[in-house]
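Note sheet for the following structure.
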Amino acid sequence: MLSGKNILIGITGGIAAYKICELIRMYKRANANVRVVCTPNALNFVTKLTLQNLSQNEVGIEEFNTDNYKPEHISYADEADIMVIAPATANTIGKIANGICDNLLTSVACAFKKPMIICPAMNCGMWDNTFVQNNISKLSENGVYILEPDEGFLACGYNGKGRLCDLEKIFKQTEEILNKEQKLFGKKIVITAGGTIEQIDTVRYISNYSSGKMGIALADAAYNMGADVILISTVNTQKPYGVISVKSAIDMQQAVENEFDNTDCIIMAAAVADFRATEIADYKMKKTDNTETITIELVKNPDILQSLCKKKKQVLVSSAGNETLSKAPVIVGFCAESENLINNAKDKISKKGCDYLIANDISRKDIGFSSDYNEVSILKKDGTIKHLERASKQEIAYKIFEEIYG
Ligand code: CTP
């Protein structure tokens, strides 16, 4: 699977650097081309000569190598299919997460536009540090694959989470990423994200706590897998694919319906408000001395998912029910529940009529709404259910596409 692939390994200054010699051998045995860039500190733990011999390539350390006419960091970034940074120290993680480029490795990482795996390894106290965790979240939210450290005995003498994860895991993740890269090539995928914003007057609105992270993770995954992606989002985000910004459920419905034709898959990951204000005041509503309570009348919003499923049914009827011949998209809904998850999800998939329903338990603090992690059950219209264990929203996103497209 890795034969002919160009793998760029970044090694930083941690004791686990010695383990990367074996990782290089594993990639080489799989017939991949391996290039290595090191931070100067990495060479305290492993020699340039060893890395050079194992990778059968020059090892990059100096940022300003005058022998080469090409800017070194750009050529490393251009040539590789994937970048694997292992071990990644807290220092390098912090620099990459904040766009700091003060050596060859961090400059390459900054210029790198293809998939990147970061494998942190450090003392357990450093791993638990809030700023380190914020940097990890930032990278993960921006599509970087994080292979979290394992727990165990650390070189510093502590017992805790901080050991470089298994080399086998890094190898498998590299294979998986490069294998799924183009799986969705030629498919158009539309994804909604975020909570809708239902205006009350010129300064107030009703909304919900949805962060949009799951929808954005799905859009990133689809893009990385080669799809033509449209993200319809209430959360502002800049992406290398199409992003349509919307606020209300009505705006969102319009935007999704505009994309319905010639779309292969629509995923309604947005938390659409069920109600909106019947009337929106075009001024700031004022209270008076006598105002103790106010009543805002709400009217039901359209159910976007249900109306998409109805439209799909009509398309299928007009193409004599032949799903493979018709251009009807696969329709995927989400189901946020705080109790009776599976039973409510079963009711919802049959009521809404979608092909898949991704059910998640929003009562749990360690997954769901604003968390970077999720744990979901995928219900299919044929009644089968697949459970995906807790993982980062990025990993869950890939697994959802694997479930839909095999
Ligand atoms: N949804 C939608 N339009 C709405 C409400 C929900 O398209 N007006 C979609 C959501 O994007 C999600 C699915 O329906 O894909 C289920 O949303 P959820 O909030 O779990 O369910 P509701 O239909 O709103 O039902 P309830 O709030 O009663 O659980």
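Observations
- GluC sites (Glu not before Pro) within segment 331-406: DSSP coil, no more than 14 neighbouring Cβ in 10 Å: 339
- Dipole in debye (nearest 20) - segment 95-158, about Cα centre, beta carbon charges: Lys, Arg +1; Asp, Glu -1: 360
- DSSP bridge analysis restricted to the chain gives an antiparallel fraction near 30%, rounded to the nearest 5.
- Taking amide H as placed 1.01 Å from N in the peptide plane, the amide H of residue 298 sits under 5 Å from that of 278, each at least 5 places away or on another chain.
- Counting only protein heavy atoms and a probe of 1.4 Å, the accessible surface of the chain is 48% carbon and sulfur.
- Segment 6-180: C-alpha gyration tensor shape, a/c 1.5 cut-off, then a/b vs b/c: rounded
- Fraction of antiparallel bridges per DSSP, segment 6-180 only, in percent to nearest 5: 20
- Other residues whose C-beta falls under 11 angstrom from the C-beta of residue 101 contribute a net charge of -1, scoring Lys and Arg +1 and Asp and Glu -1.
- Size of charge dipole - segment 188-405 - debye, nearest 20, with Cβ of Lys, Arg +1 and Asp, Glu -1, no other charges: 220
- Only Lys, Arg, Asp and Glu carry charge here, each on its Cβ (+1 for the first two, -1 for the last two); on that basis segment 229-344 has a dipole of about 260 debye about its Cα centre.
- Normalised per residue, the accessible area of the chain is 50 Å², obtained with a 1.4 Å probe and no contribution from ligands, DNA or RNA.
- The residue among 344, 140, 156 whose Cα reaches farthest toward the positive pole of the charge dipole of the chain, with charges on the beta-carbon of Lys, Arg, Asp and Glu, is 344.
- Where labels lie 7 Å past Cα in the beta-carbon direction, separation of residue 347 and residue 318 in nm: 3.4
- Amide H within-cut-off set for residue 9, under 5 Å, with H built and near neighbours excluded: 35, 36, 37, 84
- Between residue 238 and residue 74, the C-beta separation translates, for a Förster distance of 25 Å, into a calculated FRET efficiency of about 0.70.
- Global form of segment 278-406, assessed from the alpha-carbon gyration tensor, a/c cut-off 1.5: oblate
- In the complete set of protein chains, residue-level accessible area for residue 35 is approximately 60 Å², probe 1.4 angstrom.
- Our estimate of slack between residue 380 and residue 100, defined as 0.36 nm per intervening residue step minus the Cα-Cα distance, is 96.3 nm.
The values are calculated or read from the model by the stated rules, or taken from the named source; none is laboratory data. Bear in mind the structure is a predicted one, so any value in this text is a computation, not a measurement. All Cβ positions, even for glycine, are placed from backbone atoms using ideal geometry, and neighbour counts span all protein chains on display. These area figures cover heavy atoms from the full protein model, side chains too; ligands, DNA and RNA do not enter into them. Shrake-Rupley method; radii C 1.70, N 1.55, O 1.52, S 1.80 Å.
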